[in-house]
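The values are calculated or read from the model by the stated rules, or taken from the named source; none is laboratory data. Since the model is a prediction, treat every value here as computed from it, not as a measurement. With ideal geometry, Cβ positions are generated from the backbone for all residues, glycine too; neighbour counts draw on all protein chains shown. With ligands, DNA and RNA removed, areas are computed over all heavy atoms of the protein, side chains included. Shrake-Rupley method; radii C 1.70, N 1.55, O 1.52, S 1.80 Å.
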Amino acid sequence: MQASDSTPAAAAAVDEQSLAANTTTTVAGQDAENNNHNEGVGGGGGAEELEAEAEAESEATSAEEREELQQFISELRDKIESKRQLRLENSNFELPGEEHFARLDSNLKKNTAFVKKLKVFTATQLDGLLRELAALNLSKYISEICAALAEAKLKMTDVPAVVTLASRLHRTYADFDVQFLEAWQKALNIKANGEKIGNPSKLRVDLRLFAELVSSGVIQMKPGLAQLGVVLVHLIAQDKDDHSNFSIILSFCRHCGEEYAGLVPQKMQQLASKYGVEVPKSDFLTADKQLNLRTMLKGYFKALCKHVLAEQAELMNMTKNIRRIMECKGEISTEKREKCELMQAGFDKVLASAQSLSELLGEPLPELAKESECCNPGTVIDNMLDSAAFGVLDPWGDEETRAFYTDLPDLRQFLPNFSAPKVDLETLEEPSELTEEAIEANLDAEMDIDDPPSTTSDTGLDVVAPEELTVPAAPASATPPSTEEVKPQKMGNALMELGRQQQQQQPQQNPSQSTSQTQLRQQFDAFLLNLFNCVNKELIDSAAIEFLLNFNTKHQRKKLTRTIFSVQRTRLDILPYLSRFVAIIHLCNTDMAADLAELLRKEFKWHIRKKNQLNIESKLKIVRFIGELVKFGLFKKFDALGCLKMLLRDFQHHQIEMACAFVEVSGVYLYNCRDARLLMNVFLDQMLRMKTATAMDSRHSAQIESVYYLVKPPESSKREATPRPPMHEYIRHLIFEELCKQNVERCIKMLRRIDWQDPETNSYAIKCLSKAYLLRFPLIRCLADLVSGLSSYQPRAVTVVIDNVFEDIRAGLEIHSPRMAQRRIAMAKYLGEMYNYKLVESTHILNTLYSIISLGVSMDQNVVSPLDPPDSLFRLKLACMLLDTCGPYFTSQATRKKLDYFLVFFQHYYWFKKSHPVFSRSENTSDLFPILVDHTYRDCLSSVRPKLKLYKSLEQAKAAIDQLQDKLYPQLKSSSSSSLNCGGNSSNIASQDPALTTISEINELEDNVTDEEDSASSNDQRERQVAGSQEVEPEQANDWTENETEPPLPPPPPPEKSKEDLEFEQMYEKMTTDSYQERLKEPLKATAKDIPVPMTARLQKKSYDQLNGGSSQTSLQISKGTSAVVTHEGAPGAPGINSGPEAQVEGSKSGGGGGTTAVPFVLMVRGHKGGKQQFKSFVAASDSHLAINLKRQEQAIREEKEKVKRLTLNITERIEEEDYQESLLPPQQRNFGHQSYYQKPNKHKFKHQKGAPDADLIFH
């Protein structure tokens, strides 16, 4: 089966090799012919060599044909032999016995998995499936296996593997072939009701597989052939009208036609008959049965040929209708154009299939109508466009360009002895019809002629002057003045006067003929040297006049042609002037322009045929020169478009740049000429389609788009610019035009004078101050200086400007667009300069830096982030720009530490980008990663931290981040580990361990103290950098951003005290001392904090609402002090809150649970004049301060109790652990003298006092 698959491919490969060999031989013969011609070999010798080469070529072709035929026959013989051997194995075999299946594995899970694998069968799984087949007992799964193989979605390459697997199953299980045939009958069941086949691709593979199974003996021959015949008959019967099944039948004929119908490719039959070789035939079917199938296929082929003719006729009718519509209306609708293109594509597909089937069956195709228009509807439709629909076309665009290319000085009437007819540049001979077919035919004819490469291209002036040139002093009259503005009469009089002066000087010259010729040659060599210095229209016109008057001979014209052709490849600027020079000469002598055009055409063809990637400048010079000559009418438009078509044939590498250069020079001219507009439009669209369909370099894509829209600019409605108010223009003038390093102070003064109270003026000034990207890059610092100067006078406006800068940077991070690159770089620079001028804080800078390397960034290489694609390194440049601008000014200890932390993450981001597969497809990543970005990164870190040790890999950066996280957030690691150990109890970790508390973030006010200690000095006022002064050194810069509040002023000196003040202080101190002594003498009374609530307050009657709500009674605990205690019932002794000296409040929550919205309280009021205390009930909201404070007190009490409880339990556990560890020690090491905590302390035995007791000691 593999041999049959490779036979057409091998034949095609051999055809390509023979074609390449023939082409190489032809080119070699042409080269030999040209070399012989250049060396001067006679005509007779050349004829003999041509005959010898023809004989050698025929012998080579014959050898290749023999080799191709031999390869085909050997492959076909191997295929037939392998198929015969497989049939023999499948027909003569012994089925294994029951003891064999008893030893195999009958596991349900394994057998089911085997069946599932068959449903997604591929050729790579064959070996594994054969091993599983030998180890499993699949007797009960034969039907499932057959259904899985018949329903599997296979490829053509999987067919031989399926045949091998099915053969093994056939030789192992007795009922496999019967059930397999039933499964295929269900799979190949084609309905006879005319419905189209749902999945023709699967049927194409299934039909070939079924035929292979039948020919291999897996399925019995008789029922298998019957089923195969039924399928083919249904396919052919259903395909009489639209022939949608021809791909299925063609595939069957290619792969199985030799076995079932005796089909051999017509080419191989011809070669076999030519060389007398017999083609082997398969013995699977007899000749009679093969004849039946071949007859049926030939009938299908005849119907297909009729269908091809009908399709062609329909396509021709549509083309005629389109032409008629074009003649009537002048335009064609898009719908009709698309319909015509679809019909053309369908016709091409059917025609190709018919040709393939004709090659297999050996039947000729019918002769098609020879109308080229029906095969290229796009060209037909474009050629139908009426030239009147173009409107007014202007190839030049402006009058100056038109004058340069059309207004040439005509000197013929002033030249002596000139009688040549006038040549009109606008009416040069062009072919009668500029069509793509004509250009194609012309290119095919021209490419067969091998033009030798030029020997003078890009050689400078060495060809002009082989010997050393000596430039004599030219006479003053050698170069007459000539300008475009001079009237023809005055120019003619001046030329005639010049001619008379030269005639008067001729008798005075040296009569020696040789001296005169030498002097003339020296003058001409000097003229050639000075010709390339004519860089404007007046100079080149003067040079043309000088040549026509002094050097106009045939020999010198040829020499001049070679010199102009060999202009240096870098002098592209002089090509238009040289073309004008040739055009002026062409008015008098036509041979020079024709020779130059022929040289350029040959040189262009030689470069195209060479197909090397060298001398790009020479190639660009050739195509630009051709483009300039086209605009002067010296190079035919037909030939120029042929050159462009030749470039589009192999549109890659240098040919892209050559085509773009040609279109850039002459594309607008050709597109606006009536006779070349259609073809130029076709070629431009072809260039754009090739750019879209081909993966080419971004530089080439940009060039193609540039020249395309240069020739065909997009139609856009011109929008009239609304004039700005004078105040807006003045603000723009100050910021975008006047602002520079020297006049920042003046711009500040001018902006202070505008009306900041006017909302419109204020908003526009803020808008202009926020657009730093509209300034030149060096002036961004000046803009930050300007905003810093305005901050003291317009703080609100400056705040809005800073907000706009942050928003712009954020928007740039959220929208990944290369068009915003320059804007994002400028805004990052602006933000850094704002920090340098003390307008933003270091915290904001660090937040921006972290956003650059984290916002929208995916650290998973499998997930591509649209905001930060893997191949985009712009965020690295953005972070480096911000660090370069303000990084050296992070001088305080706190800010330097924070910046060091960021640099760790920044290096990790850099290495993540560098190690991505986009930049590490090869072993040496430095070849793929841009070296400019790498240098920018290293220079940035060296300027910010010169002594920083850079990481050398992504693993080092990750390890550094892990160390940093362990250092700053150790609770993360401990909490993760404890959560793994404790499972769901992780929520109680913080309450069980007092050490696991939340880390409090550093307060900015605390940083202020550190910064004030670390900084050498800090000014409370803004110190703006003066224009023209040197930059502050980073080491001397003082970080100010951590001081959000101004430093306190020094305390004023204390005022002097008067005598009255001193006496008052003495009396006050004496009074306080006496009061303190009196209080010491008073006995201390223990105050009872908690007093039981009176029953009268407890047993108050409840309302009906209270009874239904289930609220519990409140309890009171009265304190003897003046302050009241607020507590829940059951939590006595809680700290209280003061409610005033006259009233004390106490209450408790309702017992209804957390759903209550009010808390009942009892108010205790003192009676008048020592009366009894009174109690009044009231309800407070649950979110009131009274209820919230009550909750807080209860929570604090509970936490304190839990803490004491935890400490007590910990102490007990530690004591038990120590006792346990001590019990494990040997008896010799135990400390028996140490007393255990559980042992009672040894109390000293009480000794009674001897004698009578002392009553005073006991009672007092």
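On the basis of the beta-carbon distance and an R0 of 41 Å, SER516 and GLU400 show a calculated FRET efficiency of 0.45.
Evaluating 6.51 cos²θ - 1.76 cosθ + 1.60 at θ = phi - 60° for every residue in the range 398-403, the Karplus couplings come out as 8, 6, 5, 5, 4, 5 Hz, glycine and proline recorded as x. Across all directions, the average projected area of the convex hull around the alpha carbons of the range 789-859 is 5.1 nm². Under 5 Å from the amide H of PHE929 lies no amide H of any residue 5 or more positions distant or on a separate chain, with H modelled from the backbone and absent for Pro and chain starts. Computed with a 1.4 Å probe on the full set of protein chains, the accessible area for MET859 sits at about 90 Å². Above 13 angstrom, tally the Cα pairs of the range 279-324 and express them as a % of all pairs, no decimals. Percent of Cα pairs beyond 13 Å in the range 279-324: 69.
Once both labels are positioned 7 Å from their Cα atoms along Cα-to-Cβ, the gap between ASP860 and ALA56 label points is 6.5 nm.
Rank these residues by their accessible area, most exposed first, probe 1.4 Å: GLU1060, GLU1222, GLU628.
Numbers: GLU1060 125, GLU1222 60, GLU628 20 Å².
Reading off the accessible areas and sorting them downward yields GLU1060, GLU1222, GLU628.
Comparing Cα centroids, the range 127-144 and the range 212-274 end up 32 angstrom apart. Once the chain from LYS140 to GLU760 is taken as fully extended at 0.36 nm per residue, the excess over their C-alpha distance is 214.4 nm. Accessible area ranking (1.4 Å probe, heavy atoms, ligands and nucleic acids excluded), largest first, for LYS1205, LYS537, LYS83: LYS1205, LYS537, LYS83.
If R0 is 56 Å, the Cβ-Cβ spacing of LEU964 and TRP606 corresponds to a FRET efficiency of close to 0.30.
Under the rule a/c < 1.5 gives rounded, and otherwise a/b versus b/c splits prolate from oblate, where does the range 57-131 land using the Cα gyration tensor? Please list the in-between numbers first.
Working: a/c = 6.21, a/b = 2.41, b/c = 2.57.
Since a/c reaches 1.5 but b/c is at least a/b, the shape of the range 57-131 is classed as oblate.
When the Cα gyration tensor is reduced to axis lengths a ≥ b ≥ c, the ratio a/c is 1.5 or higher for the range 619-711, and with a/b above b/c it is classed as prolate. The H on the amide N of ILE219, modeled in the peptide plane, is under 5 Å from the matching H of VAL214, each at least 5 residues off or on a different chain.
The distance between label points at LYS712 and TYR1076 comes to 10.2 nm (points 7 Å beyond Cα on the Cα→Cβ vector). Out of every Cα-Cα pair that the range 1185-1228 contains, those further apart than 12 angstrom amount to 71 percent. Measuring nothing but protein heavy atoms, the accessible surface of the range 772-889 at 1.4 Å probe radius is 53 percent carbon and sulfur.
For the range 154-212, what does the alpha-carbon gyration tensor say about shape, rounded, prolate or oblate, given a ≥ b ≥ c as the root eigenvalues, a/c under 1.5 as rounded, and a/b over b/c as prolate?
On the way: a/c = 4.00, a/b = 1.54, b/c = 2.59.
Oblate, because a/c is 1.5 or more while a/b does not exceed b/c.
From most to least packed by mean Cβ count within 10 Å, the peptides 958-964, 684-690, 664-670 give 664-670, 684-690, 958-964.
How many percent of the alpha carbon pairs in the range 659-763 exceed a separation of 18 Å? Counting every Cα pair in the range 659-763, those more than 18 Å apart make up 66 percent. Within the set of other residues whose C-beta is less than 14 Å from the C-beta of LEU1062, count the net charge using Lys and Arg as +1 and Asp and Glu as -1. Once positives and negatives cancel, what remains is -3.
Quote the convex hull volume per residue of the range 99-153, based on C-alpha atoms, as a whole number of Å³.
Details: hull volume 3.8 nm³, N = 55.
Here the figure is 69 Å³ per residue.
Looking at the range 747-829, the accessible area is 51 square angstrom per residue; that uses a 1.4 Å probe and ignores ligands, DNA and RNA.
Report the per residue volume, in Å³, of the convex hull enclosing the C-alpha atoms of the range 757-834. Intermediate values should be presented prior to the final figure.
Numbers: hull volume 6.7 nm³, N = 78.
Normalising the Cα hull of the range 757-834 by residue number yields 86 Å³.
Under a 5 Å amide H cut-off, with hydrogens placed 1.01 Å from N, PHE1161 pairs with PHE1178, VAL1179, ALA1180 among residues at least 5 apart or on other chains.
Site pair THR112 and ARG796 shows an inter-label distance of 7.6 nm when each label is modelled 7 Å from Cα along Cα→Cβ.
Stick to the Cα atoms of the range 141-257, pair each with every other, and give me the Kirkwood hydrodynamic radius in Å at one decimal.
Numbers: mean 1/r = 0.0688 Å⁻¹.
With all distinct Cα pairs of the range 141-257 included, I get 14.5 Å.
The candidates ARG674, ARG945, arranged from most to least accessible area with a 1.4 Å probe in the full protein assembly, appear as ARG674, ARG945.
Please report, to one decimal in angstroms, the Kirkwood hydrodynamic radius of the range 558-706 built from all distinct Cα-Cα pairs. Working shown, then result.
Details: mean 1/r = 0.0637 Å⁻¹.
About 15.7 Å for the range 558-706.
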